[in-house]
Amino acid sequence: MSKKVKAAIIGPGNIGTDLLMKAMRSDFIEPVWMVGVVSDSPGLARAMEMGLKTTADGVDGMLPFMRDDGVQICFDATSAYVHAENSRKVNGQGAVMIDLTPAAIGPFCVPPVNLEQAVEARAMNVNMVTCGGQATIPLVAAVSQVQPVEYGEIVATVSSKSAGPGTRKNIDEFTRTTATGIERVGGAERGKAIIVINPAEPPLIMRDTVHCLTVDEPDQDAITLSVHAMIAEVQKYVPGYTLKNGPVFDGNRVSIYMEVEGLGDFLPKYAGNLDIMTAAGLRTGEMYAEEILSGRFTPVAA
Amino acid sequence: MDLNGKKITVHDMCLRDGMHPKQHQITVQQMVTIAAAMDEAGIPLIEVTHGDGLGGASVNYGFPAASDEEYLTAVCKAVKNAGISALLLPGIGTVDHLKMAVGCGISTIRVATHCTEADVSEQHLNMAAQYPELDTVGFLMMAHMIEPEELIVQLKMMEDFGANCVYITDSAGYMLPDDVTSRVSLARAELRPETELGFHGHHNLAMGIANSLAAVDAGANRIDGSLAGLGAGAGNTPLEVFLAVCDRMGVKTGIDLFKAMDIAEDLIVPLMDHMVRVDRDSLTLGWAGVYSSFLLFAKRSAEKYGLSSRDILVELGRRRTVGGQEDMIEDLALDMAKEKENGAL
């Protein structure tokens with residue numbers, strides 16, 4: 001593949017750096033800018049070593065060069081507070097924004113469930129829900145694609161070391177955004193999300209439990225098949241996405257027990273919660289890039 | 001131990017921690033009757049919430065007989081002098097639940113986190129502290145899992161977020177009196193003098209009374225317990241027993257002992273689905289340092305998959321599970337059942 005779509009990553013922290021390492025391997029995306037706000041940040045230095053242009057002046061530091069450098073896709077790995085402003089600015093330069101923060105100003109995107117619709121809709125901003133959402137919403141959808149789900153609930157357990165200060169300061173954002181995603185993308189009538197942080201050493205691999213209550217008696221064979229097919233879809237971009245137990249059927253309850261091990265690019269393997277976020281974000285970016293490269297979609301300034 | 005003349009505030013847990021052994025099925029009417037009787041007996045503070053706190057209604061923890069809002073609205077109206085508290089675990093409940101509970105008329109909010117994760121309570125304690133009349137409490141669970149010095153760092157964080165009272169919580173009923181003394185006395189020395197200090201015990205090793213006395217001796221002025229011990233595991237510190245001991249030692253609680261005894265005997269014991277006491281499984285919780293509300297989940301999974309509940313609980317302890325990981329229990333039981341089957345081949 002000779003031609004790739006040029007991209008910028010905003011936020012040179014753990015998520016942004018892990019995303020950069022994954023994007024360097026992409027057939028469709030070429031990261032060219034890393035945007036930070038702290039001049040001596042190790043993330044910016046690392047990106048510079050890898051040949052990217054960098055700025056410590058935030059998005060404003062990149063804006064004047066964006067068009068000339070051909071940046072058509074941006075990934076925001078900063079925080080919900082600054083996201084809206086970042087998005088407005090890069091959209092103004094004709095670049096699509098893929099939002100890895102919980103700001104959720106654009107439509108939710110969970111790649112194996114609704115990536116195609118999001119790309120077909122030509123949305124200039126898509127939101128990646130939350131790490132727990134990326135790990136569980138595909139399975140809620142796998143059940144609701146078989147039969148109506150009146151209630152979907154997920155429990156995400158992550159190691160202390162993988163829960164960053166942003167998540168901790170605003171843990172309610174996680175539960176709210178994930179619950180909404182379970183409804184809008186997962187297809188459950190009502191959604192609930194729970195997050196548990198465990199400090200055990202060595203750090204535990206991300207665990208996710210999905211409970212669905214179906215309206216009618218669950219069709220066990222069809223649901224089991226659908227769940228296995230969905231897991232295979234997610235494994236295409238997160239190979240460590242593993243069914244531990246289930247689906248367990250108990251009356252109208254369907255329970256699925258998962259473990260998510262990351263690739264260990266920049267973040268440790270136990271931090272599957274962060275890995276699934278960067279992998280899903282990149283996959284979304286790649287799908288946009290394919291549309292752009294094929295000429296089916298040209299992002300324009302909003 | 002000389003505790004003569006000390007004044008403490010006693011906080012009853014029957015209608016929140018007691019929701020665990022009741023599988024969250026206490027009715028609004030039962031709560032109203034019990035809370036009114038406790039109020040009449042002079043119990044100053046009564047906790048009313050789903051066992052896992054506001055927003056705990058879930059497949060994972062169990063759906064309650066009524067919503068938190070229904071319980072709190074009814075109970076807050078039914079008491080004259082007692083304050084009503086609600087529990088909130090960030091990650092399960094949100095600030096929206098907190099606002100709802102304040103609207104129902106609670107006097108006290110208790111924001112609970114695992115003992116190493118106090119920083120997830122910042123937004124909730126900050127908001128609670130903005131209500132001038134609201135008693136704002138930080139509650140560090142499974143406090144046996146870290147050393148006193150580490151615990152103090154977390155308690156101070158909660159103090160900084162706006163808690164006017166912080167708790168050392170023995171969720172697993174694992175602590176021995178010396179463990180309580182070392183934690184409470186260091187906290188008393190390091191926290192601001194005006195910050196109140198509390199202890200919440202479980203009776204899994206039958207140390208509820210001894211631990212609570214050690215806490216008072218080391219400087220705690222709030223003590224949790226529940227009449228007839230209705231609470232998770234082997235229950236909380238049995239309150240009527242603790243009150244009788246306080247009476248003998250000259251600790252002032254302001255509670256009518258005989259009335260408290262009557263509530264325990266006439267209202268709480270008849271409510272129990274099973275005798276809440278130290279038995280093989282609840283003792284295992286205390287011995288292995290396991291979150292007390294895992295008890296019934298382990299029993300159910302053991303029965304469903306043909307395993308020993310004690311084996312499940314011991315393994316949960318070995319894996320250093322924390323409060324809220326109820327979903328781990330069926331998952332683990334399935335693993336253990338597979339292993340058993342493979343071993344039998």
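The values are calculated or read from the model by the stated rules, or taken from the named source; none is laboratory data. It should be emphasised that the depicted structure is a prediction, and the values quoted were computed from it without experimental measurement. Every residue, glycine as well, gets a Cβ built from its backbone with ideal geometry; the counts of neighbours run over all protein chains shown. With ligands, DNA and RNA removed, areas are computed over all heavy atoms of the protein, side chains included. Shrake-Rupley method; radii C 1.70, N 1.55, O 1.52, S 1.80 Å.
Values as computed for the structure displayed
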quantity: Gap separating the Cα centres of the range A:126-177 and the range B:156-204, nearest whole Å; calculated: 33 Å
quantity: Summed side-chain charge close to residue A:52 - residues other than residue A:52 whose Cβ falls under 13 Å, Lys, Arg +1, Asp, Glu -1; calculated: 0
quantity: Whole-Å semi-axes of the range B:181-321's equivalent ellipsoid (Cα gyration tensor); calculated: 30, 21, 10
quantity: For chain A: relative contact order, % (alpha-carbon pairs under 8 angstrom, 6 or more apart); calculated: 19 percent
quantity: Residue A:242 accessible area, 1.4 Å probe, all protein chains in place, Å² to nearest 10; calculated: 60 Å²
quantity: For chain B: rounded, prolate or oblate by the Cα gyration tensor [a/c cutoff 1.5]; calculated: rounded
quantity: Extended-chain gain in nm, criterion 0.36 nm per residue less alpha-carbon gap, residue A:88 and residue A:221; calculated: 43.2 nm
quantity: Relative contact order, percent, the range B:213-259 [alpha-carbon distance under 8 Å, six or more residues apart]; calculated: 23 percent
quantity: Mean shadow area of the range B:67-106 over all directions, Cα convex hull, nm²; calculated: 2.6 nm²
quantity: Rel. contact order, % - alpha carbon contacts under 8 angstrom, at least six apart, the range B:275-327; calculated: 40 percent
quantity: Heavy-atom SASA rank of A:201, A:259 (probe 1.4 Å, accessible area, largest first); calculated: A:201, A:259
quantity: Estimated 222 nm signal from helices in the protein assembly as shown, with DSSP H stretches of n ≥ 4 weighted -39500 (n - 2.57), rounded to 500; calculated: -12500 deg cm²/dmol
quantity: Selected from B:237, B:33, B:284 as most flexible by GNM, with chain B as the system and alpha-carbon contacts under 10 Å; calculated: B:33
quantity: DSSP loop trypsin sites (Lys or Arg not before Pro) with at most 16 other Cβ within 10 Å excluded, longest remaining stretch of chain A; calculated: A:123-235
quantity: Accessible heavy-atom area order of B:149, A:217, highest first, probe of 1.4 Å; calculated: A:217, B:149
quantity: Candidate residues A:286, B:303: accessible-area rank, largest first, probe 1.4 Å; calculated: B:303, A:286
quantity: The range B:100-176, accessible area per residue, ligands and nucleic acids excluded (1.4 Å, Å²); calculated: 30 Å²
quantity: Cα-based shape type of the range A:255-298, given that a ≥ b ≥ c are square roots of the gyration tensor eigenvalues and the cut on a/c is 1.5; calculated: oblate
quantity: Relative counts (whole %) of C-alpha pair distances in the protein assembly as shown, using bins that are 20 Å wide; calculated: 19, 48, 27, 5, 0
quantity: Accessible carbon and sulfur surface of the protein assembly as shown relative to its total accessible area, %, 1.4 Å; calculated: 51 percent
quantity: Net charge over other residues, Cβ less than 12 angstrom from the Cβ of residue B:45 (K, R count +1; D, E count -1); calculated: -3
quantity: Radius 10 Å from Cβ of residue A:279, net charge of other residues (Lys, Arg +1; Asp, Glu -1); calculated: 0
quantity: Whole-Å distance, taken between Cα centres, linking the range B:91-124 and the range A:214-291; calculated: 31 Å
quantity: Whichever lysines have a C-alpha closer than 24 Å to that of residue A:22, once near sequence neighbours (fewer than 8 apart) are set aside; calculated: A:3, A:4, A:6, A:53, A:161, A:236, A:269
quantity: Rounded D (µm²/s) - the range B:218-295, Kirkwood Rh over Cα pairs, Stokes-Einstein at 37 °C, 0.692 mPa s; calculated: 242 µm²/s
quantity: Reachable aspartates and glutamates, given that their alpha-carbon falls under 18 Å from the alpha-carbon of residue B:77 and they are not under 8 places away in the same chain; calculated: B:12, B:39, B:40, B:47, B:68, B:69, B:133
quantity: Electrostatic dipole magnitude of the range A:1-150 [Cβ: Lys, Arg +1; Asp, Glu -1; Cα centre; debye, to 20]; calculated: 280 debye
quantity: Under-5 Å amide H pairs with residue A:30, H placed in peptide plane, nonlocal only; calculated: A:5, A:6, A:7
quantity: Shape category assigned to the range A:101-182 from the gyration tensor of Cα positions, a/c cut at 1.5; calculated: oblate
quantity: Debye log10 I(q)/I(0) at q = 0.16 Å⁻¹ for chain A, Cα point scatterers; calculated: -1.25
quantity: Nearby lysines by direct alpha-carbon distance to residue B:304 (threshold 20 angstrom, same-chain neighbours under 8 apart not counted); calculated: A:244, B:22, B:338, B:340
